[in-house]
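So the structure is just underneath, and the comments pick up after that.
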Amino acid sequence: MPLSEAFARGDAPASESYEDLYENAPCGYLSVGADGRVARANLTFAAWAGYQRDELAGRRFSDLLNIAGKIFFETHVAPLLRMQGFFDEFAIDLITSDGSRLPAIANARERRGADGHLRFIRLTIIRATDRRRFERNLIDARKESDHLRIALEENLRQERNNAELREQFIAVLGHDLRNPLASISGGARLMLKAKSTADAARIEAMMQTSVTRMAKMIDSVMDLARGRLGGGIPISKSVIAIEPVLDQVVAELAAAHPDKVIEVNFEIEKPIFCDGLRMAQLFSNLLANAINHGAEHHPIRVNAKANDKEFILSVANTGNPISDDTKARLFLPFCRGPDHGPAEGLGLGLYIASEIAKAHSGDLEVTSSDLETRFTFSMKSQNR
């Protein structure tokens, strides 16, 4: 006789009866009434939840859920049950009698009467501790993989940037150091042929100028290395009178470029807390850039203001405006305009100026139009 007929006749062994199949099924069964209370639970679910089966009857089903489970059931499961009468394979966390969490996967079905009113919600509960742990491990592994991928992409991008920087460094340094070296070499040969002390002094001055240019290039390269290796350019701050520092820079560059007019307007009300040598370097780079790129027969305008709130230093010149493409790269190493000349150095001046600004927790910005190009450094005043 087929087993189904034996069940129907009631002749099946006790271990294979419908009651035994319900009570000791390899999954949990729950019937929840329209009032939200447990009407019946099988022994399997009761054992998993740590209750006697009779202890579950009449208990609110929501009391068996953690906070997240309650919210999920009310906002997702219940509305879909009302709409379609079932909801399959949703993850939910149950709370056992000792307060521990029981991860589970559930299927739910509504049972309605002939009048259409809800009689029961029947749930099949499958314990999913291992499955949820496996899913969590998969999620964690994916996150770790994503982090590793992002790190590898960042390392690759950094390596490409470093490779590009090395190529630029070798090309530019080799090109720009060759000129002063050639000048020194030529000067040395001329010194051997000098016929008077005056000639020798003139040649020596020329060679000294080349040495000074090379020293500035080497200093710039060292600053570049410090900035790129992390930590930025080192500074040593103290409270100083900034106006004499600015005056000295103006005097030096005015002497080197006697054909240029530099208009100065200082409103310095108090000393500022900064690295005086680095601030002079920043200002010198900005002023030299304005002299090199400013229109002939037009003055360079320098403004500085220091008060209790801030220190602002700006350098402006007339001339061709900076293109948007160049402006985007302006503070990067080795950025030089298409019309740069051999005397402009390595193209590190604005990069180093921006690094000095960062080291002072300040900002270095540029605006450029047909009327003027202006670089502005600003920082908040500090006592120490």
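Taken together, the values in this text are just the output of simple stated rules run on the coordinates, not laboratory data. As the structure is a prediction and not an experimental result, all values here were calculated from the model. We place every Cβ from the backbone using ideal geometry, glycine too, and count neighbours over all the protein chains shown.
Among beta bridges identified by DSSP and lying wholly in the stretch 238-380, the antiparallel ones come to about 75 percent. Note on the stretch 238-380: along the principal axes its Cα atoms extend 40, 30, 26 Å, ordered by decreasing extent.
Projecting the Cα atoms of HIS117, CYS27, ASN42 onto the dipole axis of the stretch 3-127, where Lys and Arg carry +1 and Asp and Glu carry -1 at the beta carbon, places HIS117 farthest toward the positive end. Between the alpha-carbon centres of the stretch 261-301 and the stretch 68-82 there is a gap of 68 Å. In order along the stretch 360-375, phi translates into HN-Hα couplings of 8, 6, x, 10, 10, 10, 9, 10, 8, 8, 5, 7, 6, 10, 10, 9 Hz, rounded to whole numbers, per the Karplus curve 6.51 cos²θ - 1.76 cosθ + 1.60 with θ = phi - 60° and x for Gly and Pro. Shape of the stretch 3-127 from the C-alpha gyration tensor: oblate (a/c of 1.5 or more and a/b not above b/c, with a ≥ b ≥ c the square roots of its eigenvalues).
The phi torsions of the stretch 40-53, fed into the Karplus equation with coefficients 6.51, -1.76 and 1.60 and a -60° offset, translate into couplings of 7, 9, 7, 5, 4, 5, 4, 5, 4, 7, x, 10, 6, 4 Hz, rounded to whole numbers, with Gly and Pro shown as x. How far is the Cα center of the stretch 34-54 from the Cα center of the stretch 105-126, in Å? For the stretch 34-54 versus the stretch 105-126, the Cα centre distance is 15 Å.
If you count, for each residue, the other Cβ atoms within 10 Å and average over each peptide, how do 350-358, 142-150, 108-116 line up from highest to lowest?
Numbers: 350-358: 22.4, 142-150: 10.0, 108-116: 11.7.
With the highest mean Cβ count within 10 Å placed first, the list reads 350-358, 108-116, 142-150.
Would you mind getting me the FRET efficiency between ASP35 and ARG109? Use the beta-carbon distance for r and R0 = 22 Å, nearest 0.05. Efficiency, from the Cβ-Cβ distance: 0.80.
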